[in-house]
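Contents: one structure, followed by commentary.
The values are calculated or read from the model by the stated rules, or taken from the named source; none is laboratory data. Model, not experiment: these values are computed from the prediction. All Cβ positions, even for glycine, are placed from backbone atoms using ideal geometry, and neighbour counts span all protein chains on display.
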Amino acid sequence: MDIKSHRRKRRIEVNIVPMVDVLTVLIFFFLLTMQFKEIYAVDITPPKMESSSNTAQAQTYTIAVTKGGKYFFDNTEVSIDGLREKIADVENRADVALVLLADKDTPLQYVTNAIDIIKLSNIKKLSLQTNK
């Protein structure tokens, strides 16, 4: 008689099916919850728009911004504080519309300064003039 027991040694197995299931679920989860944002770093040369329209109202004022940061209110050169005063003078009139005109090479900061002043006033109608 053999004293040694004839036990069968179990082979160690790694069941990869549950691991593949979990990884598949994780991949689908991340694909569904990811936000794909396109980031553009482009040299922009605006403004040309085919769909631009003309503003035909009785009280339309034009604000122009040059490349150098000079502001013009109805063809009169004003400083940034002068622009605030001119807009404050016309903001309480009925049906006032402003048209903002800027050179295509004007730095964005100068244009946003003018837009910020307009948005802080009571003027609701602002148009950006472009070339067709």
For region 79-97, which residues satisfy the criterion of being crowded, with 17+ Cβ neighbours inside 10 Å, among the hydrophobic types (A, V, I, L, M, F, W, C) and over 15 Å from Lys125 (Cβ atoms)? Leu83
Just checking, does region 38-57 include any residue being surrounded by fewer than 10 Cβ atoms within 10 Å (Cβ to Cβ), modelled with pLDDT of 80 or more and part of a loop (DSSP other than H, G, I, E, B)? no
Filtered residues of region 77-132 (kept if charged (D, E, K, R) and in contact with a helix residue (DSSP H, G or I) (Cβ under 8 Å, 6 or more places away or on another chain)): Arg84
With the requirement that a residue be over 15 Å from Leu101 (Cβ atoms) and of a type in the set (Ser, Thr, Tyr), what does region 113-128 give you? Ser121
Just one of the numbered conditions (1) aliphatic (A, V, I, L, M); (2) surrounded by fewer than 18 Cβ atoms within 10 Å (Cβ to Cβ); (3) more than 10 Å from Ile63 (Cβ to Cβ) is not true of Leu100; which one? (3)
Which condition breaks for Leu26 when tested against (1) farther than 27 Å from Lys119 by Cβ; (2) modelled with pLDDT under 80? (2)
Taking the residues in region 79-132 that are modelled with pLDDT of 85 or more and polar (S, T, N, Q) as candidates, determine which candidate is farthest from Lys67 (Cα to Cα). Ser121
